[in-house]
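The values are calculated or read from the model by the stated rules, or taken from the named source; none is laboratory data. Because the structure is a prediction, the values reported are computed rather than measured. Cβ: placed from backbone, ideal geometry, glycine included. Neighbour counts: every protein chain shown. Accessible surface areas use protein heavy atoms only, side chains included; no ligands, DNA or RNA. Shrake-Rupley method; radii C 1.70, N 1.55, O 1.52, S 1.80 Å.
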Amino acid sequence: EFSVYAAASIIELLKRQRDAVGISLFTEQLDLQTQAKSSVSHHRYLYSELEKHLRMYNEAERKSTNSIQAIHDIAELCHKRSMVVIFTDLMDDPAKESAFFLVLQHLKHNKHEVLVFHVVDKKTEIDFELENRPYTLVDMETGERIKLQPAAIKEKYTESIQAYFEQLKLKCANYKIDFMPADIDAGYHDVLLNYLLK
């Protein structure tokens with residue numbers, strides 16, 4: 001939900017600058033790939049597609065994503081040199097990390113500029129600030145459930161997750177890919193500010 005609103009905010013910014021913009025939406029496959037245009041009717045179409053995606057997401061059963069194949073498809077379908085902005089929680093299987101960076105290299109090889117917004121709920125997903133009581137956590141994509149007591153794993157979890165995201169950030173820097181945190185608690189202001197600074 002945060003990613004959809006953040007993307008809509010950037011679209012609005014681009015509209016005001018009269019820049020061409022398109023969107024790509026994907027789950028297990030590339031569900032939508034639009035051309036980059038700057039017309040008013042095209043912007044309305046983009047907003048309606050984002051709204052439709054948001055409504056589907058809120059009403060339907062969650063789907064897993066295959067970001068690697070979808071981004072490969074996007075790299076091939078974007079023929080003009082573009083700035084590609086990716087919103088991701090980077091919570092894919094860590095075993096697929098090298099494949100994820102290969103696909104980002106594919107975008108770079110095709111002369112696209114790449115910005116990765118790391119969408120995260122910092123308070124819970126990184127700092128693990130949960131009440132000390134039993135929880136059942138549910139994976140939003142697979143539905144997998146795990147029962148745990150936060151205090152029992154907090155220290156190890158926070159160390160591991162911070163090290164993992166730091167490693168991804170450094171790899172992005174090595175590949176000359178802009179990596180920007182997007183904490184949902186901070187709102188869209190930081191996303192727009194980071195985008196404008198870029």
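Here are the numbers for the structure shown:
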read-out	value
Residues of region 34-75 that turn out to be at pLDDT 90 or above and open to solvent by 60 Å² or more (accessible area, probe 1.4 Å), as a count	11
Selection from region 179-192 of residues that are aliphatic (A, V, I, L, M) and part of a helix (DSSP H, G or I)	I184, A186, V191, L192
Qualifying residue in region 83-103 (condition: in a loop (DSSP other than H, G, I, E, B), open to solvent by 50 Å² or more (accessible area, probe 1.4 Å), at pLDDT 90 or above and within 30 Å of K154 (Cβ to Cβ))	no
Residue list for region 110-147, restricted to those being part of a strand (DSSP E or B), hydrophobic (A, V, I, L, M, F, W, C) and at pLDDT 90 or above	V114, L115, V116, F117, V119, V120, I146
L168 assigned to a helix (DSSP H, G or I), out of contact with any helix residue (DSSP H, G or I) (no Cβ under 7 Å at 6 or more places or on another chain) and open to solvent by less than 30 Å² (accessible area, probe 1.4 Å)	yes
Which numbered condition K176 misses (of (1) over 30 Å from N132 (Cβ atoms); (2) of a type outside the set (D, E); (3) assigned to a helix (DSSP H, G or I))	(3)
Qualifying residue in region 151-165 (condition: within 21 Å of the chain's Cα centre (by Cα) and either closer than 27 Å to S24 by Cβ or assigned to a loop (DSSP other than H, G, I, E, B) (or both))	yes
Y195 vs. criteria in a helix (DSSP H, G or I), among the hydroxyl-bearing types (S, T, Y), in contact with a strand residue (DSSP E or B) (Cβ under 8 Å, 6 or more places away or on another chain) and open to solvent by less than 70 Å² (accessible area, probe 1.4 Å)	yes
